[in-house]
Amino acid sequence: MTNVLPIYPRSNLQFTHGKGCYLYDVKGNQYLDFGSGIAVNSLGYSHPYLNSNLRNQSEKIWHVSNAYQIPEQERLASRLCNISFADYAYFCNSGTEAVEASIKIARRYFRKVLDSKSKNEIISFKGSFHGRTLGALAAGGPEKIELFNTEINGFKFVDFCDYKKIEESVNDNTAAILIEPLQGEAGIKEAPLEFLTYLRSFSNEKNILLIFDEVQCGMGRTGKMFAHQWSNVEPDIMTIAKALGNGFPLGACLTSKKVGKVMDFGSHGSTFGGNPLACTVGNSVLDIMLEKDFFDNVNLISKELSEGLEEIKKLFPKVIESIRGRGLMLGIRCYVDSAKFVEKARLNKLLTVKASDNVVRLLPPLILESKECKEALGKIRATCEMY
Ligand code: PLP
């Protein structure tokens, strides 16, 4: 019997520590981690620079209320805005809270700018996952919210990247379109770049805001800082979290000036969001990701990984159907049961993550090196051989 609410189907594995791309269990076994705490530990475990900055900050001040000046937060906001479309950053503790903020901001925008009480509908995509508060859950689909005897109005769902359905769903009450440029939980499904371009021009034409949820695909995961930066479009609002804190709870909702300026004093806030400890870690993550060669290395290693996976697919056509995704956010769509594949890979000391659509997600740390990439490919091949 555990006193923890039984909401997680946990394996029996218990890790005591980690180093780089590896985790070590209580029995001393070494696991190569291609899950990164679900796209969180992008700079791996026990990173000396992050550890030392966190330790130093912890000796000075952990938390101070948002009622006071927080220079670490100012600096992180300014750096995130410098590397993106944004002019404002709101800090919180999770992806869900970032999404919740994005919904509030989009709805508030039309309330303030058009004095409209009805332009509040958000269109999102089937299969998407935006988090677990009631609002963020509602943005993930009616079947999810209905389980809690809850109805939340103002959300519509269309098939992922279906141009015609989007046009049919938009009306005068549409406030925003919310999309993950690369869907994670749905099974690594990427929106074609031309679809993002279309969404931008369609949103401009209809006076709708465009929200990109980059909680999973952002912060370097696809080989650029933000996944939508592979296209030439920019959103009005973007949510990030996960790798922003490399394991320290930290999320952010970024907005353009036009949109963010409707959020006046008291319209939103957080007790912990953006405290000195969290923002010190966020700034340290950026220090590393903004180093000159960081993304060149991510792109090189992701090429090696996806080419190796394609080779394995050819060798095991009855196990692997296709390889998809971008950068180090890759999916193996299986013919065999993907949950079983994850279990078998674990026996080979490789940690992966299951996703919908019978997909095994590979989300290794972005600091992956060629030696570890080869080791992972060997383990994936060994897993295929178990069938
Ligand atoms: N949005 C996306 C795209 C996600 O993948 C997730 C989590 O997996 C969330 C939002 C929710 O983030 P969190 O679990 O940090 O609340």
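Assorted remarks:
- Among the residues of the stretch 161-180, the one identified as within 16 Å of the ligand (Cβ to nearest atom) and open to solvent by 20 Å² or more (accessible area, probe 1.4 Å) is Cys161.
- The residue list Cys92, Cys161 contains one member that is at positive phi and touching a residue at least 24 places away in the same chain (Cβ under 8 Å), which is Cys161.
- When residues in the stretch 357-378 are screened for being in contact (Cβ under 8 Å) with a residue 40 or more places away in the chain and open to solvent by less than 40 Å² (accessible area, probe 1.4 Å), 12 of them pass.
- Restricting attention to the stretch 201-215, the residues being part of a helix (DSSP H, G or I) and open to solvent by 20 Å² or more (accessible area, probe 1.4 Å) number 4.
- Qualifying residue in the stretch 23-46 (condition: aromatic (Phe, Trp, Tyr), in contact with a Leu (Cβ under 9 Å, 6 or more places away or on another chain) and surrounded by fewer than 20 Cβ atoms within 10 Å (Cβ to Cβ)): no
- Lone unmet requirement of (1) within 15 Å of the ligand (Cβ to nearest atom); (2) surrounded by fewer than 22 Cβ atoms within 10 Å (Cβ to Cβ) for Gln183: (2)
- When the residues of the stretch 227-244 are filtered to those that are outside any helix (DSSP H, G or I) and out of contact with any strand residue (DSSP E or B) (no Cβ under 7 Å at 6 or more places or on another chain), the one that is surrounded by the fewest Cβ atoms within 10 Å (Cβ to Cβ) is Asn232.
- Total residues in the stretch 256-274, condition within 21 Å of the chain's Cα centre (by Cα) and closer than 30 Å to His47 by Cβ: 4
- Elements of type strands (runs of 3 or more DSSP E) contained in the stretch 250-356, each with 2 or more residues being open to solvent by less than 10 Å² (accessible area, probe 1.4 Å) and under 22 Å from Leu368 (Cα atoms): 329-334
- The listed residue being open to solvent by 40 Å² or more (accessible area, probe 1.4 Å), more than 16 Å from the ligand (Cβ to nearest atom) and in the same structural domain as Gly273 (by TED's automatic domain parsing), out of Lys126, Lys144, Lys112, Lys104: Lys112
The values are calculated or read from the model by the stated rules, or taken from the named source; none is laboratory data. Everything numeric in this text was worked out from a predicted model, so none of it was measured. So basically every Cβ, Gly included, is an ideal-geometry build from the backbone, and we count neighbours across all protein chains shown. The accessibility values were calculated without ligands, DNA or RNA, using every heavy atom of the protein model including side chains. Shrake-Rupley method; radii C 1.70, N 1.55, O 1.52, S 1.80 Å.
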